[in-house]
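For reference, the structure discussed in these notes is given below.
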Amino acid sequence: RLAQQQVNLEGDLYNYKEKGSVAELIGKVNIDGKEAYRVKLTTNDNSAKDFFVDANSYYINSVKASVLAQGQTMSIEQTMSNYKTFDGITMPTLIVSNSPMGNVEIVYEDIKFNENINDAVFKQPVK
């Protein structure tokens, strides 16, 4: 189930109703001195995530969730920052994930859309 959730490239909030989810504005919170909206999203399988959306820019600052992985429930937090615009689309260039299984930091230096990629890149190497 966790892998299915990660395939959602549009993001959980985009077209959430069409995906069978319910969004609820919990209220405003203060995160590191900045106001953010806390939005609770409950999916059609009854799992929930809390999104913290910057009250000025409306960019997602962080997402907190409890997920079931390897038979255990664990808390996961993702923090998004350093937003930059690429081809008219604004994206975070730093994503930090924290969980009991470890921490991961993803840094994007450049993001390109609709690039032509040679199909040979995706072929299985010959042994």
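Taking the stretch 74-96, which residues are hydroxyl-bearing (Ser, Thr, Tyr) and more than 25 Å from LEU25 (Cβ to Cβ)?
Listed by number, the residues that qualify are THR85, THR93.
Which members of the stretch 86-117 meet the condition of being touching a Lys or Arg at 6+ places or on another chain (Cβ under 9 Å) and on the phi < 0 side of the Ramachandran plot? Write out each step before concluding.
At the first step, the residues of the stretch 86-117 found to be touching a Lys or Arg at 6+ places or on another chain (Cβ under 9 Å) are 86-87, 90-93, 108, 111.
Scanning the stretch 86-117 gives PHE86, THR90, MET91, PRO92, THR93, TYR108, ILE111.
Mind counting the residues in the stretch 32-55 that are under 20 Å from PRO92 (Cβ atoms), open to solvent by 50 Å² or more (accessible area, probe 1.4 Å) and either hydrophobic (A, V, I, L, M, F, W, C) or at pLDDT 95 or above (or both)?
Residues meeting the conditions: 3.
Restricting to the stretch 56-89, give me the number of residues that are hydrophobic (A, V, I, L, M, F, W, C), exposed (fewer than 13 other Cβ atoms within 10 Å of the Cβ) and either within 17 Å of GLU10 (Cα to Cα) or under 16 Å from the mean Cα position of the chain (by Cα) (or both).
We begin by selecting, within the stretch 56-89, every residue hydrophobic (A, V, I, L, M, F, W, C); these are 60, 63, 65, 67-69, 74, 76, 80, 86, 89.
Keeping just the survivors that are exposed (fewer than 13 other Cβ atoms within 10 Å of the Cβ) gives 68, 89.
Subsequent filtering for residues that are either within 17 Å of GLU10 (Cα to Cα) or under 16 Å from the mean Cα position of the chain (by Cα) (or both) retains 89.
Residues meeting the conditions: 1.
So, of the residues in the stretch 91-127 that are surrounded by 12 or more Cβ atoms within 10 Å (Cβ to Cβ) and of a type in the set (S, T, N, Q), which turns out to be nearest to THR73 (Cα to Cα)?
SER99
Does ASP110 meet the test of being in contact (Cβ under 8 Å) with a residue 12 or more places away in the chain and within 30 Å of LYS17 (Cβ to Cβ)?
no
So which strands (runs of 3 or more DSSP E) are wholly in the stretch 1-94 and hold at least 1 residues that are among the hydrophobic types (A, V, I, L, M, F, W, C), farther than 28 Å from LYS112 by Cα and touching a Phe, Trp or Tyr at 6+ places or on another chain (Cβ under 8 Å)?
Ranges flagged: 22-31, 34-42.
When you check ILE26 against the structure, is it over 17 Å from the mean Cα position of the chain (by Cα) and of a type in the set (A, V, I, L, M, F, W, C), yes or no?
Criteria met by ILE26.
The values are calculated or read from the model by the stated rules, or taken from the named source; none is laboratory data. What you are looking at is a predicted structure, and each value in this text was computed from that prediction instead of being measured. Please note: Cβ atoms are built from the backbone with ideal geometry, for glycine as well, and neighbour counts cover all protein chains shown. What goes into the accessible areas is simple: the full protein's heavy atoms, side chains included, and nothing from ligands, DNA or RNA. Shrake-Rupley method; radii C 1.70, N 1.55, O 1.52, S 1.80 Å.
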